[in-house]
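Worksheet: the structure to be examined is printed underneath.
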Amino acid sequence: MTALLSVRGIEKSFDRNRVLTGIDLDIAAGEVVALLGENGAGKSTFVNILSGALGRDAGRVVFAGAETVFSTTREAIDAGIIHIHQELSLIGSLSVMENLFIGDYRTGRSGIIDRKALAAASRPLLERVGAGHIDPRRTAGELSTAEQQLVEIAKALSRNARLLILDEPTASLTPHEAAALFAVVRELKSRGVAVIFISHRLEEVFQIADRVVVLRDGGVVSDRPVAATSREAIIADMTGRAFALGAMPPAIVPEGAPLRLAAEAIGDGAGIGPISFELRAGEILGVFGLVGAGRTELLEMLCGKRAIKSGAIRLASGAAPASPTAAWRSGLALLPEGRKTNGILPNLSVEENIVVARRQAGGGLVARGSERALADRLWRTLGIVAAGPGQPIRSLSGGNQQKALFARCLAADPSILLLDEPTHGVDVRTKGDIYRTVRDLAGEGLAVVFVSSELPEILALASTVMVLAHGRRTLYAPRAGLGENDVLSAAFVEAA
Amino acid sequence: MEGRSVVRFLRTRREATVLAMLVIVFLGLTFASEFFLTGRNLSNVARQISVVGIVALGQALVIIAGGIDLSVGSVIGLAAVTAAMVSAATGMPSLGIVGAIAIGMAVGFLNGVLVTRIRINPFITTLGTLSIARGAALLATNGNPQRFDNWAAWLGYGRIGEVPVQFLLLVALTLVVAFFATRTRWGRNVYAVGDNARAARLAGIDVARTRIMVFTLSGSLAGLGGLLLGGMLTNSNPNLGLGYELDVIAAVILGGVALSGGRGSIGGVVIGAALMGLLRNAFVLLNVSGYWQTITIGLVVILAVGADSLNRRREDD
């Protein structure tokens, strides 16, 4: 079998930092290759070089039999290499069909858009990716994430894609939507399109990939057919050590632990609730649900960001917070979902990012000495890797940013920790670190609400499990005695 | 090690680029004109810098917090006539001082409330108050200049030795605002809000209060600027400060503050204001047409910001 893409000895450095140390890779037409690695292993740099977004320092790329050097993404797209980024890049204010034919809109020389012809040309493209139900005249920004993703793939097909690079395509999809996406990928595969698939979810890799390539420290550490590898082997390749999730003892709430928070039939008056639960010191409440089930909305109500229209929250430390500012003051710390948009203050230093929440409860003057000491201590406890506390947080890897946000929560010395998808988009090693930290904190008497869309995580960590579906509580029970199926069937309950 | 960090500072901070330009212009003028290094001339330059610099301190905080305040020029005019009219009506110049700053503070507070509570974009809000404040100044005076030559005006025209009082105020306020911005919780919150407002809110910062505070400070400093400008001329014209917002914003941007918010330093802003003052002085001393002065200021802003973004792009690769 001749390779569609053949890469030899790709190297890339940023300043003195060697990010890629010589990558070799062959991909045949119709092959699906999973590209795995921790954050910072070089995956993004590598695919950005393939798609022309970055230049390379050394190495050769042969694509479809021709030696290529793409200096712009335009050239790569024209050759048939299309990179679909994690952050989707449709223009939200244009229609689906305008997005599909963006740039020329099939106007010919007149420059006038023929809406009928454009819609007609769009339909077969959408049908090919299983999105025939989407009206091409709809505004792209109104579509769900999954639908937008399909439109992006349809757009790739309209450009005769021969190699499709999917960067964490399932990160914000429900399992159902992800399954639909995989069907599309298989369909493309059968038509001879090669796919590079980047994901942090190993289950998906086993569902979809033909081969698994693992990067570590800028080099390929393993390249095996999917049948010849295992979950454990992949994790060992990625981290250089075995993974500890399964090894943790079950979490149990200590007998007679004091009540920290009680939610009594709370609702936001807009489809979420009524939801009731209790949270005790040392308890880890795992909250599971599909996208749109109301997990984030629940946390927003707890931290005072979303108004509670019915029911009430009682805190051991006083009244329910009316704003995030008040929530932090009364001992609730929030690690929000969406590190970049809701979490980091990108241009501020790592240290300021850590102390910012704690500072709001202090006096007017910034106590530099004690802030530095605190940041230093948390930094070491959590194992943050960075050049120094004064470094802007944006220059850290995703996993280290997440740890810094974790440190922000701990710096405020909370009694209740609200974690929204704390392991979203972080590498396996950081995930392990976060799991251990959460367990340790609960052991010290912190009450934790742990929201996640990854079931293994919930089952391994939680002492109590709550499942939401369509804004309602469909399961609320101690972890002990629950199986995977109990939780899943509660999450997939049909709307009443 | 020490040497290397200085080089790094010079290469990466816009403040440094502008400081270097300032030094070059200063040395150039020293050789090009025998009048430049005279006490009288330097004292004039110091005066020209002062009002722009003082108003730029507040503007810098607004821009760092992710906003913009276009109303400062009109607030200068409104505050100047307020100072004159209040002292004339009450016979108490001290009330004139209070009135000028209070009217600026009120407009600033109004800007802050409109931006945060009614959620009108800062550009639009302050474009509106720019018009309203100017109109109010004209309405109150019927368009006529007001005499302003009591002791409150001395803050604007007075000198201690050769040093203008308003320049001393600029130095003192720079120190206070720089301390505020770097060493107080509220100052650091200004940076956090400008950097990522959503994240700042979820981290417990009261974003609305922070924004109202910076607009109020900006208005108050513009009010003080109006008092000084009216005092300097011993005559408060309702049209004082016309177009000042552009000079002030230029000084802030020149000084290294990012228009997108979250980045910049107070020291840089004063250097930016000083560079603009020196350039103006250069044209007078070298007897070049005033029209060139306007063009040059524009070129310098584009040059300084352009050099900075080229540098930044290299870092991003």
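Couple of notes before you dig in:
- Count of residues meeting criterion [in a helix (DSSP H, G or I) and within 18 Å of A:Lys340 (Cβ to Cβ)] in the stretch B:179-206: 11
- Answer from A:Arg74, A:Arg8, A:Arg56 - the residue that is of a type in the set (D, E, K, R) and touching a Gly at 6+ places or on another chain (Cβ under 7 Å): A:Arg8
- Residues of the stretch A:286-325 satisfying the condition of being of a type in the set (A, V, I, L, M, F, W, C), modelled with pLDDT of 90 or more and under 17 Å from A:Pro336 (Cβ atoms): A:Val287, A:Leu298, A:Leu299, A:Met301, A:Leu302, A:Cys303
For (1) in the same structural domain as A:Asn485 (by TED's automatic domain parsing); (2) acidic (Asp, Glu); (3) surrounded by 23 or more Cβ atoms within 10 Å (Cβ to Cβ); (4) out of contact with any Lys or Arg (no Cβ under 7 Å at 6 or more places or on another chain), each residue gets a yes or a no:
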| position | (1), (2), (3), (4) |
| --- | --- |
| A:Ala412 | yes, no, yes, no |
| A:Asp420 | yes, yes, yes, yes |
| A:Val426 | yes, no, yes, yes |
| A:Gly432 | yes, no, no, yes |
| A:Tyr435 | yes, no, no, yes |
| A:Asp440 | yes, yes, no, yes |
| A:Val448 | yes, no, yes, yes |
| A:Leu455 | yes, no, no, yes |
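- Beta carbons closer than 6 Å, at least 6 apart along the sequence or on distinct chains, pair a first residue in the stretch A:70-81 that is free of Cβ contacts under 8 Å to residues at least 24 places away in the same chain with a second that is of a type in the set (S, T, N, Q) for A:Thr73/A:Ser51.
Yes/no matrix, rows are residues, columns are (1) in contact (Cβ under 8 Å) with a residue 40 or more places away in the chain; (2) within 22 Å of A:Thr174 (Cα to Cα):
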| position | (1), (2) |
| --- | --- |
| A:Gly52 | no, no |
| A:Gly92 | yes, yes |
| A:Leu118 | no, no |
| A:Leu126 | no, yes |
| A:Ala131 | no, yes |
| A:Arg162 | yes, no |
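- Residues being within 9 Å of chain B (Cβ to nearest Cβ) and buried (at least 24 other Cβ atoms within 10 Å of the Cβ) - total across the stretch A:322-332: 3
- Top-ranked residue in the stretch A:288-321 [being within 29 Å of the chain's Cα centre (by Cα), part of a loop (DSSP other than H, G, I, E, B) and not small (Gly, Ala, Ser); ranked as farthest from the other protein chains (Cβ to nearest Cβ)]: A:Leu290
- Matching option when the condition is away from chain A (no Cβ under 14 Å), surrounded by fewer than 20 Cβ atoms within 10 Å (Cβ to Cβ), touching a helix residue (DSSP H, G or I) at 6+ places or on another chain (Cβ under 6 Å) and at negative phi, among B:Tyr157, B:Tyr244: B:Tyr157
- So A:Ala412, is it within 10 Å of chain B (Cβ to nearest Cβ) and closer than 28 Å to A:Ile313 by Cα: yes
- Within the stretch A:91-112, the set of residues being assigned to a loop (DSSP other than H, G, I, E, B), surrounded by 15 or more Cβ atoms within 10 Å (Cβ to Cβ) and at pLDDT 85 or above comprises A:Leu94, A:Phe101.
- Complete set of residues in the stretch A:334-371 that are part of a loop (DSSP other than H, G, I, E, B), at the interface with chain B (Cβ under 7 Å from one of its Cβ atoms) and in contact (Cβ under 8 Å) with a residue 40 or more places away in the chain: A:Pro336, A:Ile344, A:Leu345, A:Pro346, A:Asn347, A:Leu348
- Only one of the numbered conditions (1) in a loop (DSSP other than H, G, I, E, B); (2) more than 27 Å from the chain's Cα centre (by Cα); (3) not hydroxyl-bearing (Ser, Thr, Tyr) is not met by A:Gln86, and that is (2).
- Screening A:Pro392 against (1) of a type outside the set (Gly, Ala, Ser); (2) touching a residue at least 40 places away in the same chain (Cβ under 8 Å); (3) surrounded by fewer than 21 Cβ atoms within 10 Å (Cβ to Cβ); (4) more than 10 Å from chain B (Cβ to nearest Cβ) leaves a single unmet condition, (4).
- The single condition among (1) away from chain A (no Cβ under 14 Å); (2) surrounded by fewer than 22 Cβ atoms within 10 Å (Cβ to Cβ) that B:Ser260 does not satisfy is (1).
- Pairs linking a residue in the stretch B:200-218 that is within 14 Å of another protein chain (Cβ to nearest Cβ) to a residue that is crowded, with 24+ Cβ neighbours inside 10 Å and of a type in the set (Phe, Trp, Tyr), with Cβ atoms under 6 Å and 6 or more positions apart or on different chains, are B:Gly204/A:Trp328.
- Taken over the stretch B:165-187, the residue count meeting the criterion of being at the interface with chain A (Cβ under 9 Å from one of its Cβ atoms) and closer than 18 Å to B:Val252 by Cα is 2.
The values are calculated or read from the model by the stated rules, or taken from the named source; none is laboratory data. Fair warning: this is a prediction, and the values are worked out from it, not measured in the lab. Using ideal geometry, Cβ is built from the backbone for each residue, glycine included, and neighbour counts are taken over all protein chains shown.
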